[in-house]
Every structure is written in C-alpha cells, then in structure tokens.
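Read the structure below first, then the notes.
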Amino acid sequence: MGAETQESASAADGRSVRARATGLTDQPLTAFAVAVFWAWLVVRWTNDFLLGGSLAPRGTSFFPTAPIEFAATTLSGVAADLGVFGLPFQWLAGLVGFVAASIPYLPELATGVWATVLLTVAGIAFGFVIAVPLSIARVYGGSVTRSLALGYTELFRGTPLLAQLFVLYFATPLSIYIRELPAVGTGFVPAQAFWVAVVAFTLNSAAYQSEYIRSALNSVPEGQLTAARSIGLSKVEGIRYVVLPQGLRYAIPGWSNELVYLIKYSSLASFITVRELFEQADAIASETYRYTELFVLAGLLYLALVVSASLLMDAVERYVAIPGLGASGR
Amino acid sequence: MSDPLLRLDDVYKSYGDERVLSGVSFEMDTGDVDVVIGPSGSGKSTMLRCVNRLTEIDSGAIYLDGECVTDADTDVNELRKQVGMVFQDFNLFAHLTALGNVTLGLRKVRGMEKSAAREKGYEHLEQVGLLDQADSYPAELSGGQKQRVGIAQALAMDPELLLFDEPTSALDPELVGEVVDVMRDLAAEGITMLVVSHEMGFARSAASDIVFLDGGEIVEHGPPEQLFENPRADRTREFLGRLRTEHEEG
Amino acid sequence: MHAFPLQSDWAFVLGSLDLLFEGLVVTVALTAASIALGFLLGFPAGAVEVYGRGPLARVVETAGVVLRGTPLLVIIIILFFVVSVSSSAFVTAAVALGLRSGAYQSQIFRGALQSVDEGQLEAARSIGMGRLQAIRHVVVPQALRRSVPGFQNEFTIVLKDTSIAIVIGLGELLTVGQNLYQGGQSTAALEIFLTVSLIYFVLTFTTNRTLDYVDDYFTIPGGEQA
C-alpha cells in the first residue's frame, strides 16, 4: 500500500502545526498586476481631475479598442478553421472580445473607484478615531461608560449596514443639514449623499474596529500595565505608552479584515445615490445593456482593491513587527 | 536461532543538510527491553519514529519479524497495528474520555464490537492503574495519569513492540514515578520495549540492553551493568560522566 | 398594497406588522438556506485547503479569494443578470449568499482543522488508522467544536447581509420597510426603519445567545476547549 509521506515536517523534535500560506497573495504576478492597476488609476485620476482631460478626453479610454477587437476576430477565425480543435481558441477569442468590449467603460468606472476609495478611507480613518476611545472605555471604563460603549457596539454590529444607511438618509434630517453646508456638491467636494454615507460607514466601522481593538487590548498581559504603574506611570500613561503599542499590533489582522469589509460594503452607498463603483457600473449597464462586461469588470476592480489592501496590510504588519510580539513574531 | 523481532540495517536519515542518522544498525529480540540514551539532538527520537514510519528513512532498511517494513508497498497502517508508540507529549485524543481513548483503535482499526472493546479497554486501564478514571477527559487528568492512559492506549492494540519516545520528559518530577512503575511492570510481564529516555534508574534496573547513540551513530551498546560500569568508548564515558555530575549537583 | 388614510406614524407601523412579519419570515428562511449551503460548500473546501494537494487545492483557494474579495452586491447582480441562476429572487439570493458564506466558512474550518495539534493526528496514525480515518475520527470532531465561535459570527453576518437582496426585489425585511416608506407613508421613515432595525437586532441577539448555548453544550469538560 502506498507509502505515506512524513507526517510532520520539521527536524528532531518532529512536531509542528502545519501552516499553509494561501498562495494567491504571495505570488509576484499578483504584486505586478496590482501595481499596474494603481498606475492606471493614478494616471486616469490625474488626467480627469487635475489636468482637465489633457492626456485623453474624459470618458475616452487610454487603451485602443480596435487592435484588441481585431485580435478577437482573428482568433475566432482561427478557431473556426480548426474545427473541434479550435475550442481553446474560441474560448480565448471570447476572453479577448470581452476585454475589447469592456475597455470603453474603464474611464467612467475609474471615477467610481475614486469615490469608493474616498468612502473607504474616510470611513475607516474616522471610524478609527472613534474606535480607540470606545475600546478603551470598554476595557478600562467604569460600569456606566462600559455599558454605554457596549450598547453602541451591540447596536451597530447587530443591525445591517444597509438599514443604518437608510435610517441616516431617509429617516433623519442629516442629508438636509449637510446640503446646507458650504462647498458641498461643488468642485471636488462630493454631494451630500456621499457625506451621509461617510457618517454611516464611520459609525458602523467604529463599532467593529472597537471590537478588534478591544480583544487585542485584552490579549496584552495584565502584567504589562502593572509593571508600567509600578514605575510611576499613571493609568492613562500606562495605557498609552505600554498597552496600546502592543495591543494595536495584535489588532492588525482584525483591522485588515475590517478594511476589506469596508471596500466591499462601500457598494451599499449606491442605494442612497452615491456614484461609487457599483452605482457607476449599474448606471452604465442600464443604458447599454452590457450587464456582463460591466459587472464582471466591477467585480475585478473590487478584487484588485481588496488584494491591494491585503498586500498593504501585510507590509504594515511586517514593518511594525517586533520579535516575539503578535502573530508574525510568535 | 530465530530472527530478531526488530532489525535496523544501515539506516540513514537527513533533514536537509543535517545528517541525523548515520548508518544505524541495530537488533532486538522478543522480550527485550532496550533503552536508547544519548545527548539531545543525537537522533534518538528520529530512530524511534523511523521504526513505525512516522518519519521516513533516506536509505537502509528496517525489518519487523523478518519482513521489511520500509518497502514502498508495505501497508503502513498494518505496521502500526503491530508497533505501538507512547509519546512525550501524550497526544491523547482531547475529545474522548480515557476509555474512549483506549477503545478508539479497537473499534475503528481492529473492528471490534463496542462492548468487547469496552471490556478490553477496562482491562488495560486497570493494567496501568486508572480504572477509576475511565470516564474522565484528558484535560481533567494529571500529566502522569495522561501518560498512563497513553500507555494503555498503545497496549490495547496488542502490539509486538512498544516504542517509548521520552515518556517522562514532559512530566513534573513527582509524577515521573507512577509512569516508570508502570513501565517496570510491563518489562517484567515480558512486553518488548524500545525506550528513549533519560530515566537512568529504569535503564539500570529493567533494561536488557542499553544503546548509546551520539551524532546519529550507535557508539556502543551492552547490558546495563557493563555499559554503566565499564563503558568501552571514550564518548560513552564522557556522556555518562556528565550525567553523573549533573545528578550529583542537581 | 394597503391604502392608508393619514394616521400617526407609529400607528402606521403597527398596522403594517403583518407585512413586516412576512418580510421577517423571508429573511429567516433566506438566512437558514444560505448558511446551510455555505456549510455544504465550506466544510469540504476548508478540508481540501488543509489536506488537499495540487490543482484541486489551488482551485479552491482561488475561488475562495474571489468570492471573499467581491462585494455581495456584485455577486447577486452577476448571478441574477449575467449568469441567471434562477428566475426566483429567493433562489438567486440564497445561492449568492451561500457561495459567499461557503468561502468564509471554509476559512473558519481551515483554521479550526489546523489548530488541532499535529500530535493528535500522529497518535491516531500510530495505532494503525489510515489518514482519512484519523482525520475523520480524531481531528474533525475537535475542529467542529472549535469552529463554533467563528460560525456564530458568520451566522449574524449572513443574517444582516440578507438585506442586500433588496437589490433584486426579494421581499425580505428591509425591502418591506423600503416599500412601506416609499409606497405608504413617507413621513413614517424614522419609525419604519427603527422598527426594522429593532427586529434585526432582536434576531441577531437571539441567534447569538442560542449559539452560545450550543457552544457550552458541546464543550469538553475540564475547562479546555477540545
């Protein structure tokens, strides 16, 4: 009967929990694709917003469609000639044809990506600002503070983000207040619906981030704070200089999780008329009926954003790693 | 003159660049109690794990009862029914009671019927003195108790050969005795045992042969009286000398 | 669609409780279906990622990355308009949520399977168990117990994500709320959406407590999680 390969992989002590790295994000091809993705985005955004369309008119893609369409039809021809053996060529022709058909929509989708990136960055940054005090309140606060913080967190984590968006947009005068603010909706400043979405994402993300940070703070051994206090630091200083630096590193995996979630759930802002990536794809699709191209393209763009975020967080984790501390140092 | 029960023939094993076993040749007969000693990293555990093929050898051969077990077409599972192992870290099945741990192999590997397996399970738990803990879970047992369940688990399969991989190294000192007592009893009952251990007391009193392994080679072997009092090789003398000083200082 | 004379906003909501209840039923049914599908897909996928070799494992990993990296909204739309899985909004939504949940559940099970100490597998193999047998009788029972917290989390996520099915017009809870607001009494926006949120909150709360109970029931005595 077949010989089994070694049950355990390491040397003399022969005991190690086998950890398999997920292959996709580690490959150099991925990093390259992501780099190309961002290069294209930056050039497109610069062209549209800063240079007023001097490199290429707004709405016109950088990439020529004609040669790719030509390639598609050629491949189709080859496939037809080869008969049954032409199947892989037919498939390739379909793929190339898809690329050709999608290219014209790239510029408008890039505008959508800009809104998505803004929503995500704003949501997570403002959310973080609220999350840190919130999590400190839950770990170190008195019973009243703790209950209030807990109530907030449970409320925002226990109801759908979409429902929260609806409440803020339809059920509160928030959008009216924002509309009154100067500069909203003019020039670079997005319209009021965008800001309502930012508020919703901030409040929601704060709740989730505070959970990750809270459990990370709890992973810091109690002895650390005791040691800090016994050299004379106050409780607040102890938290700030000893507990938080360690705790925040433990929080990185959860935090990168939240970043990915926000990138994906920013698509919900389309329900309150924000022209982010999904809404752009949907709007164009309803006009051109090119549902397949647009939504697959949108999906690929989201995927690119998510993979970028993972790579970024991996780099951050490596950068702040301290030997023996946190997941990477263990 | 019958075949030895276990024979290792010029076994080599490396991990990457590191040579862990260098031409190890070794024999033991049924009823023998052999204890392998040596400095850490000398390959003792690896040698043991090669016998039941938890680790695969690079070259050479291992024979159990005259049959080559390191062949490509040997049924590894069959081999492991005949060779039992007791681990340093116990490795008890955390989700099963002591009785469950002992009977799992009986039911799933030997295909015994549930009640017959329970009977046998109780027998072996009694053999190691843990009959009253049959329904306890591993997390509820002390280290010494866990290891005794591990021994019962291995015994229940009625193996021809029982391997012990540093069975007491992970135990607190006061718990070592109960495990060593069980091992002594087994030796007296005639169970064939190949033991890697630092427990010199056991080696001295119960072993039929002591094997000194250093740097992946068997430096020398012999009955305890001979090896401990009159070691032939210098390295053996050195190693034993170190042990003695540690023992006196410690 | 009811025709409403002008009444106080709360009275409107109370009068619409039957509609909200229907939406609630759809939400619960969709959650159950999606979680079940997610388990059927996710558990084998997780096992393949841990124990599989070669192309199969890679395909599963890539599928997982794609499903976890694409917004649910996009998945639903693609399954409805591009791939046209079914003309039924419920079925399409269940497949979309099920695929997404399967991708996440595979990670839960993968983590749980990997967290069972390698020594357990070795011990099982050294009494003569085959690899598959050992995994089935020793690793899986422990891994399943360890998956409960992650599973609990996933359950509430799916429950909340059912609200996204609003995009294909499925009559789940939030859709009902939206219809009441737009088709009924638009001044009652606050009352409607607060009620809807409250119902979701009660649902997630109950689910969490129930799963806590399940977790306790299966914990191995001795104070340790298996």
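The values are calculated or read from the model by the stated rules, or taken from the named source; none is laboratory data. All values reported here derive from a predicted model rather than from experimental measurement. Cβ placement follows ideal geometry from the backbone for every residue including glycine, while neighbour counts extend to all protein chains displayed.
Applying the selection to the range B:4-31, what residues are charged (D, E, K, R) and under 21 Å from the mean Cα position of the chain (by Cα)? Before the answer, list the steps.
Restricting attention to the range B:4-31, the residues satisfying the condition of being charged (D, E, K, R) are B:7, B:9-10, B:13, B:17-19, B:27, B:29.
Listed by number, the residues that qualify are B:7, B:9, B:10, B:13, B:27, B:29.
Residues in the range B:187-200 include none that are at positive phi, small (Gly, Ala, Ser), touching a Lys or Arg at 6+ places or on another chain (Cβ under 7 Å) and not in a strand (DSSP E or B).
Against the condition part of a loop (DSSP other than H, G, I, E, B), more than 22 Å from residue B:199 (Cβ to Cβ) and touching a residue at least 40 places away in the same chain (Cβ under 8 Å), how does residue B:55 come out, does it pass?
Working: part of a loop (DSSP other than H, G, I, E, B): yes; more than 22 Å from residue B:199 (Cβ to Cβ): yes; touching a residue at least 40 places away in the same chain (Cβ under 8 Å): yes.
Criteria met by residue B:55.
Just checking, which of B:136, B:45 is out of contact with any Phe, Trp or Tyr (no Cβ under 6 Å at 6 or more places or on another chain), among the hydroxyl-bearing types (Ser, Thr, Tyr) and within 30 Å of residue B:243 (Cα to Cα)? The match here is B:45. Residues that are within 11 Å of chain A (Cβ to nearest Cβ), among the hydroxyl-bearing types (Ser, Thr, Tyr) and within 18 Å of residue B:192 (Cα to Cα) within the range B:21-67 comprise just one, B:45.
Counting only helices (runs of 4 or more DSSP H) that sit completely within the range A:158-268, those holding 2 or more residues that are away from chain C (no Cβ under 13 Å) and over 30 Å from residue C:187 (Cβ atoms) correspond to A:192-219, A:222-230, A:235-238, A:244-250, A:252-265.
Being part of a loop (DSSP other than H, G, I, E, B), of a type outside the set (S, T, N, Q) and modelled with pLDDT of 55 or more narrows it down to one residue among A:70, A:62, A:49, A:32; which is it?
The match here is A:62.
Please verify whether the range B:217-237 includes one or more residues that are in contact with a Lys or Arg (Cβ under 6 Å, 6 or more places away or on another chain), closer than 15 Å to residue B:32 by Cβ and surrounded by fewer than 20 Cβ atoms within 10 Å (Cβ to Cβ). Yes, there is a match, as at least one residue in the range B:217-237 is in contact with a Lys or Arg (Cβ under 6 Å, 6 or more places away or on another chain), closer than 15 Å to residue B:32 by Cβ and surrounded by fewer than 20 Cβ atoms within 10 Å (Cβ to Cβ). Output the residues belonging to the range C:166-185 that are more than 9 Å from every other protein chain (Cβ to nearest Cβ), touching a Gly at 6+ places or on another chain (Cβ under 9 Å) and closer than 14 Å to residue C:25 by Cβ. Passing the criteria: C:171, C:172, C:175, C:176. Can you name the residue in the range C:186-198 that is facing chain A (nearest Cβ under 9 Å) and surrounded by fewer than 20 Cβ atoms within 10 Å (Cβ to Cβ) and, of all such residues, is farthest from residue C:28 (Cα to Cα)? Selected residue: C:186. Residue count for the range C:43-63 satisfying the condition of being more than 14 Å from residue C:140 (Cβ to Cβ), of a type in the set (Gly, Ala, Ser) and touching a residue at least 40 places away in the same chain (Cβ under 8 Å): 2. When A:134, A:162 are checked against the criterion of being modelled with pLDDT of 90 or more, surrounded by 22 or more Cβ atoms within 10 Å (Cβ to Cβ), more than 18 Å from residue A:261 (Cα to Cα) and not β-branched (Val, Ile, Thr), A:134 stands alone in meeting it. Just one of the numbered conditions (1) in contact (Cβ under 8 Å) with a residue 40 or more places away in the chain; (2) more than 23 Å from the chain's Cα centre (by Cα); (3) under 26 Å from residue A:42 (Cα atoms); (4) surrounded by 18 or more Cβ atoms within 10 Å (Cβ to Cβ) is not true of residue A:96; which one? The one condition residue A:96 does not meet is (1). So, of the residues in the range B:68-101 that are farther than 13 Å from residue C:124 by Cβ and touching a Gly at 6+ places or on another chain (Cβ under 6 Å), which turns out to be farthest from the other protein chains (Cβ to nearest Cβ)? Of everything passing the filter in the range B:68-101, B:99 is farthest from the other protein chains (Cβ to nearest Cβ).
Kindly indicate whether any position in the range B:108-117 is farther than 29 Å from residue B:144 by Cβ, within 11 Å of chain C (Cβ to nearest Cβ), at pLDDT below 90 and assigned to a helix (DSSP H, G or I). Within the range B:108-117 (the criterion being farther than 29 Å from residue B:144 by Cβ, within 11 Å of chain C (Cβ to nearest Cβ), at pLDDT below 90 and assigned to a helix (DSSP H, G or I)), the answer is no, since none of the residues qualifies. Scanning the range B:106-135 for residues that are small (Gly, Ala, Ser) and surrounded by fewer than 17 Cβ atoms within 10 Å (Cβ to Cβ) gives B:111, B:115, B:116, B:129. Residues in the range A:86-101 that are at pLDDT 75 or above, out of contact with any Leu (no Cβ under 8 Å at 6 or more places or on another chain) and over 21 Å from residue A:297 (Cα atoms): A:87, A:88. For the range C:73-95, a residue qualifies if it is assigned to a helix (DSSP H, G or I) and either facing another protein chain (nearest Cβ under 7 Å) or free of Cβ contacts under 8 Å to residues at least 40 places away in the same chain (or both), and the qualifying residues are C:73, C:74, C:75, C:77, C:78, C:79, C:81, C:82, C:91.
Kindly indicate whether residue B:97 is polar (S, T, N, Q) and either crowded, with 24+ Cβ neighbours inside 10 Å or touching a strand residue (DSSP E or B) at 6+ places or on another chain (Cβ under 9 Å) (or both).
Working: polar (S, T, N, Q): yes; either crowded, with 24+ Cβ neighbours inside 10 Å or touching a strand residue (DSSP E or B) at 6+ places or on another chain (Cβ under 9 Å) (or both): no.
Taking the combined requirement at face value, the residue does not satisfy it.
It is to be established whether one or more residues within the range C:161-179 are surrounded by fewer than 18 Cβ atoms within 10 Å (Cβ to Cβ) and either assigned to a helix (DSSP H, G or I) or among the aliphatic types (A, V, I, L, M) (or both). The answer is no; no qualifying residue exists.
Would you point out the residue of the range B:163-186, among those that are in contact with a Phe, Trp or Tyr (Cβ under 7 Å, 6 or more places away or on another chain) and assigned to a helix (DSSP H, G or I), that is surrounded by the most Cβ atoms within 10 Å (Cβ to Cβ)? That would be B:183.
In the set (1) under 17 Å from residue B:149 (Cα atoms); (2) without any contact (Cβ under 8 Å) to a residue 12 or more places away in the chain, residue B:106 fails one condition alone, (2). For the range C:56-72, what are the residues that are more than 15 Å from the chain's Cα centre (by Cα) and either within 7 Å of another protein chain (Cβ to nearest Cβ) or of a type in the set (Val, Ile, Thr) (or both)? C:58, C:59, C:60, C:61, C:62, C:65, C:66, C:69, C:70, listed by residue number. When C:177, C:150, C:171, C:183 are checked against the criterion of being of a type in the set (Gly, Ala, Ser), under 20 Å from residue C:33 (Cα atoms) and in contact (Cβ under 8 Å) with a residue 60 or more places away in the chain, C:171 stands alone in meeting it. Exactly one residue out of B:143, B:84 is within 30 Å of residue B:23 (Cα to Cα), in contact (Cβ under 8 Å) with a residue 12 or more places away in the chain and not hydroxyl-bearing (Ser, Thr, Tyr), and it is B:84. Comparison of C:88, C:126 shows that the only residue that is among the hydroxyl-bearing types (Ser, Thr, Tyr) and surrounded by 22 or more Cβ atoms within 10 Å (Cβ to Cβ) is C:126.
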